[in-house]
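J.: Sharing a structure below in structure tokens format, with a few things to ask.
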Amino acid sequence: MRYALLIASAIALLLSSTPILRADETVSIGGSNAVLLRPTAPRASVILMPGGDGYIAAGPGGTIGKLKGNQLVRTRNAYLARGLAVLVVDADVNLARAVDYMAAIKRPVAVVATSKGTLRAAHGIAGGAKPDTLVLTSGFLTDGSGSRQNVANVLGSPRLLPRTLVVAHRYDSCRFTLPAGVEPFIRWAGGRASVKWLDGGTDSGDPCQARGHHGFNGLDSEVVSAAAGFH
């Protein structure tokens, strides 16, 4: 009898510490489809902005038809498993509306963007979006990153920048997101940004695609840990 009670207590403790998950769903944010994942009692919210052309082809029931290999798309369930409400958005989303939508579910709201998604995040913030925090991975950060199209130039001033974490791979060889652009961004941010450097993993194929160091191939858990913990 005592043994049975111990087992029952252990099961109850496990259930109480594990978020109860709802099925993925497709939602509309101002006419732009997005995929929503959430536990019944989220501790915070995160908006994931993929790289590339940014279009995930959200279908019925939370299905995703494109960019499945993108680092943020492929790890969306890892954020959910950490108790976060997750919104995976398309390139044309109105970020201010997306932030408001997730704030109604649970604050704080973090925007996590990667590669070209960092430019879209910057344009959204310049247009009035106010996330609580911002995470930029493999970012178009400054001229030193390799392109005049970058977060610093889009924002113009660090006063628009929320508290920000940069996640960068020391050996990212994509010509638009070079590691050389990171420290100039940290200086430009004037105390609003910090950096998490990663190395290791696997590098193959196009240096600007998901299977290279640019996409943190083999380092998904490290990226999710850094981004999900930044609230």
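The values are calculated or read from the model by the stated rules, or taken from the named source; none is laboratory data. Everything numeric in this text was worked out from a predicted model, so none of it was measured. Positions of Cβ are backbone-derived with ideal geometry, glycine not excepted, and every protein chain shown enters the neighbour counts. Side chains included, ligands, DNA and RNA excluded: accessible areas come from the protein's heavy atoms. Shrake-Rupley method; radii C 1.70, N 1.55, O 1.52, S 1.80 Å.
J.: Residues to consider are 139, 117, 144, 128; find the one that is in contact with a helix residue (DSSP H, G or I) (Cβ under 6 Å, 6 or more places away or on another chain) and more than 17 Å from residue 188 (Cα to Cα).
T.: Of 139, 117, 144, 128, the one residue that is in contact with a helix residue (DSSP H, G or I) (Cβ under 6 Å, 6 or more places away or on another chain) and more than 17 Å from residue 188 (Cα to Cα) is 128.
J.: So which residues in the range 196-207 are open to solvent by less than 40 Å² (accessible area, probe 1.4 Å) and either among the charged types (D, E, K, R) or part of a loop (DSSP other than H, G, I, E, B) (or both)?
T.: 200
J.: Of the residues that make up the range 121-129, is at least one part of a strand (DSSP E or B), buried (at least 24 other Cβ atoms within 10 Å of the Cβ) and either at pLDDT 95 or above or on the phi > 0 side of the Ramachandran plot (or both)?
T.: no
J.: Out of curiosity, is residue 227 in a strand (DSSP E or B) and open to solvent by less than 50 Å² (accessible area, probe 1.4 Å)?
T.: For residue 227, the condition - in a strand (DSSP E or B) and open to solvent by less than 50 Å² (accessible area, probe 1.4 Å) - is not met.
J.: Next up: Considering only the range 208-222, state which residues are open to solvent by less than 50 Å² (accessible area, probe 1.4 Å) and part of a loop (DSSP other than H, G, I, E, B).
T.: 208, 210, 212, 216, 217, 219
J.: Answer yes or no as to whether residue 181 is touching a residue at least 60 places away in the same chain (Cβ under 8 Å), over 27 Å from residue 107 (Cβ atoms) and open to solvent by less than 30 Å² (accessible area, probe 1.4 Å).
T.: no
J.: Counting just the residues of the range 91-117 that are under 27 Å from residue 213 (Cα atoms) and either free of Cβ contacts under 8 Å to residues at least 60 places away in the same chain or small (Gly, Ala, Ser) (or both), which one comes out surrounded by the fewest Cβ atoms within 10 Å (Cβ to Cβ)?
T.: My answer is 91.
J.: Sticking with this structure for a sec: Within the range 49-59, is even one residue touching a residue at least 24 places away in the same chain (Cβ under 8 Å), open to solvent by 50 Å² or more (accessible area, probe 1.4 Å) and either closer than 21 Å to residue 39 by Cα or part of a strand (DSSP E or B) (or both)?
T.: No, the conditions are met nowhere in the range 49-59.
Residues are listed down the side, and each one gets a yes or a no for (1) at pLDDT below 95; (2) in contact with a helix residue (DSSP H, G or I) (Cβ under 7 Å, 6 or more places away or on another chain); (3) open to solvent by less than 60 Å² (accessible area, probe 1.4 Å); (4) on the phi > 0 side of the Ramachandran plot:
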site	(1), (2), (3), (4)
20	yes, no, no, no
28	no, no, no, no
35	no, yes, yes, no
43	no, no, no, no
47	no, yes, yes, no
64	no, yes, yes, no
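J.: So, one more: Can you pull out the residues in the range 184-195 that are loosely packed, with under 12 Cβ neighbours inside 10 Å and within 15 Å of residue 137 (Cα to Cα)?
T.: Correct list: empty.
J.: Can you tell me which of (1) surrounded by fewer than 18 Cβ atoms within 10 Å (Cβ to Cβ); (2) touching a Leu at 6+ places or on another chain (Cβ under 9 Å) is the one residue 135 doesn't meet?
T.: (1)
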